[in-house]
Amino acid sequence: MTRILKPLGRFDLASLAQGRFFMTFIFLFTGWTLLSTVWGLEDLDELTLAPWINARSFAGQIAEAFALLTHPALVFAFILAMALWTLRRRIRRLAGALGAVAFVIPITAGIQFITNQPRPASPFEDSLTYQISAYPSAHMVAVSVLAWVLATLGHAQRLTTSSALRSRLIATLLILMVLGDQWIMRTQTTSQLIGGVLLGITWASGVLVVTGVGPILQGWAGLGLPVEQSDKRAAVIYNPTKVLDFALFRRRVEYELQAAGWKPPLWLETEREDPGGKMSQQAIDANVDVVIVAGGDGTVRMVCQELANQGIPVALIPAGTGNLLARNLGASLDESEAIRTALAGEAVPIDLISCTTEAGNSVCAVMCGLGFDAKIMGNTNPELKKTIKAVAYVVAAAQQFSLTPFECTLTIDDQPIQHHSSIMTLIGNVGRLMGGINLIPSAVPTDGKIDAMIASPTGARELASIARGIVLGTDAKSLSYQQGQVIEIRADQPVACQLDGDYAGESTFFRAEIMPQALSIMLDAGGPRPWQN
């Protein structure tokens, strides 16, 4: 246990170091601002003014072109593009941090308005870079933040030591180049340029602390990886169509494993014909300590099915459209946090559902059933799903104009047989969908029971009432909920089936049986447990 928790100690030290770094630069920027705007640094500024150059000379035109290329507007547009890049790779907390640095723009403008410092006389007074107040230098604020972004991305991508060092050197060189360019153009004084650098570093380091991305970038604390190794080993089962940047994903996983003192992992790629069955068996045969699964709900379901009652915990890396099991269990949707939870989290036992249809036996972890929702899954275009994500389900749902109910009998445990005219009968181990919609409120993944939701509207008005009840969490006349350990459904005609969002053909028979505490999922020890609310 000590070895597993060791990385958390390093992260705490990194956060402490970053907090001290932030406070130091708050003090430096505040002190420099007072010196520059209240007590005055006119002697320093006059002594260090650059010599006058011809704006239309070759050197002058190069300097102005570089100033336009590094204009704050372009710099922050680039930073926001990097935020979107990290968000697409599911590094959500880092994406939020990159987006947060953009808020330094109004902060800079506010300080400039308050200080209202004039710019020095310059041969570039007609340039776009000369048109706003001077303290602090917006150019230097922007480029200092950009340098932080470049260094941050180098750490987040878990580059080699030489590559990470190179990204730092490039970032430092960029600051010096812009500083020299603005000095040559005389667009700001020395004190104004230094003030911009200090504000940029202060804001960037503050974002690092406030957003909590310090653990991602713990290398800033200067702490090495542990020499001591444990006997622990992980298997990583990943869907190559869901992991957008595998090289980056692999570097980050291997870095965290090495930081935790684990052995190199077993990498297992799923196939079109096999979404995880054979790979899970390889992990079982290798007797790994945890299986990390990166994929959509289909991949997760297959891995859960094969690892049920095997005694190997599963860690979820959200890489799909819905990631419903992760959402319902309160697992982090941030890739970095999910990787660390896989190694240092708490193994929480959950139930699974054993499902039997005319097509055979399967295991579900989220929801399964018959009817309308299964038709939607079957009619969802996979290519459209790749492009517009969850909206593809809405498109498929809009195509289901006919909601002809099917007649069915429902048997729960040893209770009397029930008769229903249903458009959809869902069985859930958990109940939440994307958007916070609690479809089956009573579904709890640890209670040793499964929940059935039967939708039986007799017309458009009752259908609208069902939709409103689901979205708002209110009662609906044609919506009923029941609970048990074994639920059997027999339909009067073949009806579309779905298993954790995967279309499973048509069947007139559906049997669901609870598998109590069949699998352990790695969750943050101090994280939320939504089913307990």
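The values are calculated or read from the model by the stated rules, or taken from the named source; none is laboratory data. In this text, all values refer to a predicted model and were calculated from it rather than measured experimentally. Backbone-built Cβ (ideal geometry, glycine too); neighbour counts: all protein chains shown.
Tallying residues that are over 15 Å from T341 (Cα atoms) and either polar (S, T, N, Q) or surrounded by fewer than 18 Cβ atoms within 10 Å (Cβ to Cβ) (or both) within the stretch 239-264 yields 11. One residue stands out in the stretch 313-335 among those that are within 12 Å of the chain's Cα centre (by Cα) and assigned to a helix (DSSP H, G or I): the one that is surrounded by the fewest Cβ atoms within 10 Å (Cβ to Cβ), namely R327.
Meeting the requirement of 1 or more residues that are in contact with a helix residue (DSSP H, G or I) (Cβ under 6 Å, 6 or more places away or on another chain), at pLDDT 90 or above and on the phi < 0 side of the Ramachandran plot, the helices (runs of 4 or more DSSP H) wholly within the stretch 160-264 are 161-185, 190-210.
Within the span defined as the stretch 479-491, one or more residues are crowded, with 16+ Cβ neighbours inside 10 Å, among the small types (G, A, S) and modelled with pLDDT of 90 or more. Answer yes if at least one residue in the stretch 373-393 is in a loop (DSSP other than H, G, I, E, B) and modelled with pLDDT of 85 or more, and no otherwise. Scanning the stretch 373-393, I find no residue that is in a loop (DSSP other than H, G, I, E, B) and modelled with pLDDT of 85 or more, so the answer is no. When the stretch 34-57 is filtered for residues that are farther than 13 Å from T187 by Cα, of a type in the set (V, I, T) and out of contact with any Ser or Thr (no Cβ under 6 Å at 6 or more places or on another chain), only V38 remains. Candidates in the stretch 96-122 are the residues that are small (G, A, S) and more than 23 Å from D45 (Cβ to Cβ); of these, the one that is surrounded by the fewest Cβ atoms within 10 Å (Cβ to Cβ) is A102. Which numbered condition in (1) over 22 Å from the mean Cα position of the chain (by Cα); (2) over 14 Å from I521 (Cβ atoms) is the only one that D351 fails? All conditions are met except number (2). So is V288 touching a residue at least 24 places away in the same chain (Cβ under 8 Å), of a type in the set (A, V, I, L, M, F, W, C) and touching a helix residue (DSSP H, G or I) at 6+ places or on another chain (Cβ under 7 Å) or not? For V288, the condition - touching a residue at least 24 places away in the same chain (Cβ under 8 Å), of a type in the set (A, V, I, L, M, F, W, C) and touching a helix residue (DSSP H, G or I) at 6+ places or on another chain (Cβ under 7 Å) - is not met. Among the residues of the stretch 442-478, those identified as of a type in the set (K, R) and modelled with pLDDT under 90 are R461, R468, K477.
Would you say A73 is buried (at least 17 other Cβ atoms within 10 Å of the Cβ), part of a helix (DSSP H, G or I), of a type in the set (G, A, S) and modelled with pLDDT under 90? Criteria not met by A73. Look at T321 and say whether it is among the β-branched types (V, I, T) and within 29 Å of Q532 (Cβ to Cβ). In short, yes. Looking only at residues of the stretch 265-290 that are touching a Pro at 6+ places or on another chain (Cβ under 9 Å) and not in a loop (DSSP other than H, G, I, E, B), we find that the one that is nearest to M522 (Cα to Cα) is V290.
Checking each residue in the stretch 83-113 for being farther than 23 Å from L179 by Cα, part of a helix (DSSP H, G or I) and aliphatic (A, V, I, L, M) picks out A83, L84, L87, L94, A95, A97, A100. Only a single item in (1) surrounded by fewer than 19 Cβ atoms within 10 Å (Cβ to Cβ); (2) at pLDDT 90 or above is not met by Y503, and it is number (2). Taking Q310 as the residue in question, decide whether it is more than 22 Å from I514 (Cβ to Cβ) and surrounded by fewer than 24 Cβ atoms within 10 Å (Cβ to Cβ). Taking the combined requirement at face value, the residue does not satisfy it. The test for being surrounded by fewer than 23 Cβ atoms within 10 Å (Cβ to Cβ) and not assigned by TED's automatic domain parsing to the domain that holds A365 holds for I284. Scanning the stretch 474-500 for residues being over 14 Å from T425 (Cα atoms) and outside any strand (DSSP E or B) gives a total of 5. Checked against the criterion of being assigned by TED's automatic domain parsing to the domain that holds L343, modelled with pLDDT of 90 or more and in a loop (DSSP other than H, G, I, E, B), the stretch 291-305 has no qualifying residue.
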